[in-house]
1. How big is the charge dipole of the chain about its Cα centre, in debye rounded to the nearest 20, if each Lys and Arg gets +1 on its Cβ and each Asp and Glu gets -1 on its Cβ?
2. Given the -39500 (n - 2.57) contribution per DSSP H run of 4+ residues, what per-residue ellipticity at 222 nm results for the chain, rounded to the nearest 500 deg cm²/dmol?
3. Take the alpha carbon gyration tensor of segment 102-240, find the square roots of its eigenvalues, order them as a ≥ b ≥ c, and report rounded if a/c is under 1.5; if not, report prolate when a/b exceeds b/c, else oblate.
4. Specify the angular offset, from 0 to 90 degrees and rounded to the nearest 10, of the alpha carbon long axis of helix 437-462 from the longest principal axis of the alpha carbons in the chain.
5. What's the center-to-center distance, using Cα atoms, between segment 205-263 and segment 170-186 in Å?
6. Tell me which of Asn290, Leu302, Tyr67 sits at the most positive position along the dipole axis of the chain, charges placed on C-beta atoms (Lys, Arg +1; Asp, Glu -1).
7. Would you mind telling me the share, in percent, of accessible area of the chain contributed by carbon and sulfur at probe 1.4 angstrom?
8. Quick one: net charge around Pro233, please, counting Lys, Arg +1 and Asp, Glu -1 for every other residue with C-beta under 15 Å from its C-beta.
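The values are calculated or read from the model by the stated rules, or taken from the named source; none is laboratory data. It should be emphasised that the depicted structure is a prediction, and the values quoted were computed from it without experimental measurement. Neighbour counts run over all protein chains shown; Cβ positions are idealised from the backbone, glycine included. With ligands, DNA and RNA removed, areas are computed over all heavy atoms of the protein, side chains included. Shrake-Rupley method; radii C 1.70, N 1.55, O 1.52, S 1.80 Å.
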Amino acid sequence: MATQADARPAATTPAGSAGPPRTLLIGLSLGYFMVLLDMTVVSVALPAIAEHLGVGLSGLQWVTNGYTVTFAALLLTAGWLADRFGGRRVFLCGLVAFGALSGLSALATTLPELVALRLALGAAGALLLPASLAVVTHAYPEPAARARAVGSWAAITGAALAAGPVVGGVLTDTVGWRAIFLINVPLAAAGLLVTARLAPETARKPRGGLDLTGQVSAVVALAALVYALIEGPDAGWGSARVPTAAALAVLAAAVFVAAELRAGDAAMVPLRMFRSPGFSTAVGAGLLANFGLSGLLFVLSLFFQDGRGYSPAVAGLVFLPLTLPTAFNPIYTGRLVGRIGPRRPATLGFLLMGVGALVQAPFTGDSAPALAATVLGLLAFGSGVSFALPALVAGTASTVPAELAGTGAGVLNSARQVGASLGVAVLGAVLDLSPSGPDGTRWALVTAGTLLLLGAAVTATGLPGKAPTRP
């Protein structure tokens, strides 16, 4: 996926310099930071959006999933675009689009407007992720410097996850929910100024034609499935549009598989990668991890404010036990995976996530024991995320063929975002079908915890112990 450095030196790197200025890495990381921040910053603002726009639970699910559906479905195509047209060009286009669409999102006055803009934001975010990595790998041709740069770029994941709920809560409380979108405008402008001036021109790699059938069928399959899950509780599972959407999802998925089989290695997702049991396990586990993470953030954000009466700022602060471990522990986890392989850290991570969700389920009141269960559960959950996700990345990298390493990483990221969309859709449906908010929260936590414990079983039996030699 990432554009590799070609034989020509980067024109913007002065002769004799130690490498690109640190400012360039900051500018590139800002784009990645915005993409990840937008996945979590919305969560604590959902009750305020519901009140202002007069929308129900299904509308809030679309506000959240509008972003992740297009992000997940277009991520691999964005990697193709970065290779075909150059990472720098695609990254700059993505920054302009993301900043402009964020500003327009802050002006939305109806739910359809906001959801449409969230769908477009997901597409812009998909452009930024592979393109920023392409520029990083091109700007730092020396292996040690590249490794440090990519490590710093990847560390943004934890920082964005930690900042999202807190930033969203404080902005919603002090300025209003529209500010969670406006914050992206200066970030995009700063990233644009830095990268336009300092980023080297990246090579255009010769690539085959775009796998248009695979891309369209993937978008239709995911969107139709999410539509059926979100609209089912309100419209009725027997109403014509819900089973029609489900049937369309199955048909589009079949078209996608047929298209990828026919295209072979030119496919958007070459299916021979899945012959490796370790790769299939890592991708499936990545889906389950984000199912639990995004679903939990969605459910508890509503519960903390509607059920316990927390303000948005307080709700954001309550999430710190979950988010802080993800900002610091992955460094340790990466070293651990290097020594003992991905299986045990990933399994431990899923066990902690599952237990962290289940321990909160009996405590949906507002007592001191309930708050203690929330804090301990979120701490266990966040620690689990910080163990599981780096191990899954390592598991993917060690099992996919070397020539498909970039595509393999893209498939894992796409699977995680598909899981995020399904987590919000499924756990939102559990909330909608329950007689009360506390009951819905309890059953949503039980559902998430059970699936995460299933993820522990999957990783314990399917991931390699010691990291194997790349095939």
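1. 1500
2. -26000 deg cm²/dmol
3. It is oblate, given that a/c is not under 1.5 and a/b is not larger than b/c.
4. 40
5. Value for the Cα centre distance between the two parts: 34 Å.
6. It is Asn290, whose Cα lies furthest towards the positive end.
7. Solvent-exposed carbon and sulfur of the chain make up 70 percent of the total.
8. Result for the local shell: -3.
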